[in-house]
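The values are calculated or read from the model by the stated rules, or taken from the named source; none is laboratory data. Note that this is a predicted model, so its numbers are computed, not measured. Ideal geometry is used to build each Cβ from the backbone, glycine not excepted, and the neighbour counts take in all protein chains shown. We work out accessible area using only protein heavy atoms, side chains counted, and drop any ligands, DNA or RNA first. Shrake-Rupley method; radii C 1.70, N 1.55, O 1.52, S 1.80 Å.
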Amino acid sequence: MDSNLQLMLYLIPTLLGFLLILPFGRSLVTPLTEKYPSLASERGRVFSGLLLTCLAGVAVSFQTLWISSKISEGGNFCASNSILSCDDVIGNPEYNTDPIFGIPWGGIGAFVFCVLLYLVYSSSKEPNADWVSSYLKYGTYITFAGFFVIGMLVYYEIQMEKICQYCTTAHFANIAAFIGFYRLMRMNESKDWNTI
Amino acid sequence: MKYTYDDEADVRTTTLIRVLALFFVGIMIIAATTSPIATGTKEGERAPALEGEFYNGSGWSDFNLESYWDAGWVEGDITGQWVAIEFMDTDCPYCVQSAEKMAVDANDFGGDASSGWDGAVVNFIASATELDISGHDSSRAEIIAFRDKTAGEECASSDCGSRPGAAHNFPYIDDLDQENMKKWKVSGTPSYYLIQPDGIIAWSSSANPGENLRDAILTLVPRESA
């Protein structure tokens with residue numbers, strides 16, 4: 001399968017999740033609210049969008065880790081002469097691991113998105129538990145910290161004059177997740193948490 | 001005894017187990033479908049990039065070590081071309097002394113039919129740097145003089161034209177800024193690496209003290225008569 005076509009498997013769920021997270025997500029899911037009652041409430045839509053986004057983030061991060069392992073074997077996955085060439089970015093040994101522990105960025109992404117998935121999944125299952133407000137704050141802080149990592153990775157891409165489309169999808173999932181966690185945190189702080 | 005059911009603990013534990021299962025399934029799929037090789041300068045690792053401009057006797061042009069690699073090479077294939085890299089400094093006395101051996105080795109294993117070598121071709125490359133040592137003051141002109149064995153430049157306190165051995169016929173990369181040397185974590189010169197046609201480091205002088213490059217080539221590079 002073409003690598004850009006395969007990317008759609010991750011990009012489409014991320015975009016759908018992002019649309020559900022945004023305030024105008026209601027108009028998109030109105031026909032589905034009878035079958036899925038949780039989508040009728042603002043809180044339910046943001047939780048659903050956030051779950052979808054975090055799942056897509058886990059998947060695209062694992063795919064990125066897989067690509068970096070394949071490239072290290074001497075193979076290629078999405079090499080291209082155009083600016084969109086994830087092989088050139090993920091396969092660059094100077095930039096493809098974190099500077100402290102040497103862990104591939106895809107592995108770090110997969111771990112972080114699993115943590116985010118745990119936070120949002122458990123919060124959605126028990127939204128009135130006393131730990132939910134803490135979990136939503138942790139999610140907001142983690143995704144906000146991700147902005148600094150994204151900034152550094154985008155800087156690397158500028159240095160290489162190449163863009164890794166798989167990495168960009170993971171960056172987008174982090175931004176969408178930040179908006180989702182932030183919106184849920186604000187809703188949780190209001191007295192209308194159970195009626196939104 | 002009264003048992004109580006804790007809903008909150010159950011939600012978090014169940015969720016954690018599910019997410020952990022997802023994480024480990026992902027890791028297992030990657031472990032089962034790939035065999036990652038680290039990039040580095042130890043034996044068995046993939047050689048890092050070696051870039052810059054090289055002099056091959058006629059002028060300076062762009063060099064990229066990756067252009068030598070053949071991802072489809074399999075062990076024992078005699079048609080694959082190996083690469084021997086020397087990290088050197090034209091003002092390093094040991095590098096000047098070893099210039100003669102390098103000339104002989106490059107002629108013996110570089111694919112010249114008259115040499116009697118019936119093994120895979122070994123491409124020799126030198127990466128010339130300028131060490132941060134007093135008296136080590138190199139330049140591109142000095143690299144050219146060292147390689148071509150021409151007079152007029154000083155190599156390790158003697159005229160480059162009087163260095164031992166014949167003129168070299170292999171490329172010299174300009175690494176005067178030590179960029180490649182640092183990338184390869186070379187601690188001293190001369191340092192040697194023998195690299196397989198697929199880009200994997202087969203032998204390094206730092207990991208095999210007492211062994212020389214010629215012995216490594218004779219031991220590791222496949223030959224027809226072996």
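Remarks
- Selection count, segment A:76-96, where residues are touching a Phe, Trp or Tyr at 6+ places or on another chain (Cβ under 8 Å) and more than 9 Å from chain B (Cβ to nearest Cβ): 6
- Cβ pairs under 8 Å, 6+ apart, first in segment B:17-31 and over 12 Å from A:S69 (Cα atoms), second open to solvent by 100 Å² or more (accessible area, probe 1.4 Å) and of a type in the set (A, V, I, L, M, F, W, C): B:F23/A:F111
- Qualifying residues in segment A:52-75 (those that are in contact with a Phe, Trp or Tyr (Cβ under 8 Å, 6 or more places away or on another chain) and within 7 Å of chain B (Cβ to nearest Cβ)) - the one nearest to B:P48 (Cα to Cα): A:G74
- Qualifying residue in segment B:80-89 (condition: facing chain A (nearest Cβ under 10 Å), farther than 17 Å from B:K183 by Cβ and open to solvent by less than 20 Å² (accessible area, probe 1.4 Å)): no
- Restricting segment B:8-37 to residues that are more than 7 Å from chain A (Cβ to nearest Cβ) and at pLDDT below 85, the residue that is surrounded by the fewest Cβ atoms within 10 Å (Cβ to Cβ) is B:A9.
- One residue from A:G44, A:G25 being surrounded by fewer than 22 Cβ atoms within 10 Å (Cβ to Cβ) and more than 27 Å from A:Y166 (Cα to Cα): A:G44
- Of everything in segment B:39-62 that is open to solvent by less than 50 Å² (accessible area, probe 1.4 Å), more than 13 Å from chain A (Cβ to nearest Cβ) and part of a loop (DSSP other than H, G, I, E, B), the residue that is farthest from B:Y172 (Cα to Cα) is B:G59.
- Subset of segment B:18-38 (residues that are β-branched (V, I, T) and in a helix (DSSP H, G or I)): B:V19, B:V25, B:I27, B:I29, B:I30, B:T33
- Selected residue [assigned to a loop (DSSP other than H, G, I, E, B), modelled with pLDDT of 90 or more, within 24 Å of B:Y68 (Cα to Cα) and within 23 Å of the chain's Cα centre (by Cα)] from B:D198, B:D174, B:D215: B:D198
Yes or no, residue by residue, for (1) under 20 Å from B:G26 (Cβ atoms); (2) crowded, with 20+ Cβ neighbours inside 10 Å; (3) not aromatic (F, W, Y):
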position	(1), (2), (3)
A:V60	yes, yes, yes
A:C78	yes, yes, yes
A:D88	no, yes, yes
A:G91	no, yes, yes
A:T97	yes, no, yes
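Conditions tested, residue by residue: (1) open to solvent by less than 60 Å² (accessible area, probe 1.4 Å); (2) assigned to a helix (DSSP H, G or I); (3) at pLDDT below 90.
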| position | (1), (2), (3) |
| --- | --- |
| B:A126 | yes, no, no |
| B:S134 | no, no, yes |
| B:E142 | yes, yes, no |
| B:F170 | yes, no, no |
| B:M181 | yes, yes, no |
| B:S187 | no, no, yes |
| B:Y193 | yes, no, no |
| B:A202 | yes, no, no |
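- B:W73 within 11 Å of chain A (Cβ to nearest Cβ), open to solvent by less than 40 Å² (accessible area, probe 1.4 Å) and closer than 26 Å to A:E94 by Cα: yes
- Listed by position, the helices (runs of 4 or more DSSP H) enclosed by segment A:99-196 that each have at least 2 residues that are away from every other protein chain (no Cβ under 14 Å) and open to solvent by 20 Å² or more (accessible area, probe 1.4 Å) are A:132-160, A:165-189.
- Looking only at segment A:4-21, and only at residues there that are surrounded by fewer than 19 Cβ atoms within 10 Å (Cβ to Cβ) and among the polar types (S, T, N, Q), the one that is nearest to A:V120 (Cα to Cα): A:Q6
- Residues being more than 14 Å from every other protein chain (Cβ to nearest Cβ) and either closer than 16 Å to A:P127 by Cβ or outside any helix (DSSP H, G or I) (or both) - total across segment A:22-49: 19
- Long-range neighbours under 9 Å by Cβ, at least six apart or interchain, first residue of a type in the set (V, I, T) within segment A:178-196, second exposed (fewer than 11 other Cβ atoms within 10 Å of the Cβ): A:I196/A:S190
- Failed item, numbered, when B:I85 is tested on (1) touching a Pro at 6+ places or on another chain (Cβ under 7 Å); (2) under 14 Å from B:F170 (Cβ atoms): (1)
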